[in-house]
1. Restricting to the range 62-103, count the residues that are more than 26 Å from residue 118 (Cα to Cα), in a loop (DSSP other than H, G, I, E, B) and away from ligand 1 (no atom under 16 Å from the Cβ).
2. Which one is nearest to ligand 1 (Cβ to nearest atom), of the residues in the range 20-50 that are modelled with pLDDT of 90 or more and not in a loop (DSSP other than H, G, I, E, B)?
3. Please go through the range 51-61 and pick out each residue that is surrounded by fewer than 19 Cβ atoms within 10 Å (Cβ to Cβ) and either assigned to a loop (DSSP other than H, G, I, E, B) or touching a helix residue (DSSP H, G or I) at 6+ places or on another chain (Cβ under 6 Å) (or both).
4. How about the range 135-160: which of its residues are without any contact (Cβ under 8 Å) to a residue 60 or more places away in the chain and more than 17 Å from residue 201 (Cα to Cα)?
5. Can you give me the number of residues within the range 33-49 that are within 14 Å of ligand 2 (Cβ to nearest atom), farther than 19 Å from residue 82 by Cα and within 19 Å of the chain's Cα centre (by Cα)?
6. Output the helices (runs of 4 or more DSSP H) that fall wholly within the range 133-236 and possess 3 or more residues being modelled with pLDDT under 90, or say none.
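The values are calculated or read from the model by the stated rules, or taken from the named source; none is laboratory data. Bear in mind that the values here come from a model prediction, so they are computed numbers and not experimental data. Neighbour counts run over all protein chains shown; Cβ positions are idealised from the backbone, glycine included.
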Ligand SMILES: [Zn+2]
Ligand SMILES: [Zn+2]
């Protein structure tokens with residue numbers, strides 16, 4: 001079904017040239033060379049947090065064993081590095097909303113390699129101030145093609161973002177957790193036991209963890225995080 005949908009996606013959205021190099025891309029959003037160059041993650045990922053763990057068998061990494069995240073699995077299409085980071089910036093700060101469809105499609109391709117365990121998708125909500133400023137929620141726009149590809153309902157409006165937190169990247173790592181406390185509020189009980197949180201970029205994981213905690217308190221049993229790009233920790 002995913003592949004059927006991908007084909008129909010490609011035939012309905014007809015970019016004339018590659019979004020990265022501008023060369024003719026035979027009606028694909030990315031030409032084969034640029035697609036090949038996107039920063040893919042190594043296969044030794046911790047299944048729980050989605051970070052490279054150097055483990056050959058899919059086991060939780062030391063960090064996750066020590067302090068278990070509230071979510072159960074992370075799937076990301078790419079590492080958060082150029083040119084994916086530049087495309088994310090074009091989507092969020094230059095309003096190139098069509099890139100959300102491209103991201104959704106690429107993430108769907110990645111997810112098709114796995115047995116996903118989700119009955120509904122929850123795009124990370126934006127604070128109303130930021131939504132007004134940007135005009136759209138990039139997580140929701142990325143989740144739309146995913147919902148279509150996997151035939152899953154989109155949960156919108158059930159969770160409110162009640163604090164207009166500063167962008168994570170401008171805060172020191174030690175302050176990030178504190179910055180997000182009580183960032184979300186549940187206004188409607190989720191009617192599903194397995195939910196995938198959808199976001200553009202997963203950085204520290206605090207946002208997904210706060211949301212996952214809230215969902216688990218509300219009785220959700222299985223929580224995945226689907227993100228376009230996973231930021232890797234800086235080497236010390
Ligand atoms: Zn290209
Ligand atoms: Zn881990």
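1. Residues in the range 62-103 being more than 26 Å from residue 118 (Cα to Cα), in a loop (DSSP other than H, G, I, E, B) and away from ligand 1 (no atom under 16 Å from the Cβ): 3 in total.
2. This residue is 34.
3. Result: 54, 55, 56, 57, 58, 59, 60.
4. 135, 147, 152, 153, 154, 155, 156, 157, 158, 159, 160
5. Total meeting the criteria: 5.
6. Answer list for the range 133-236: 173-180.
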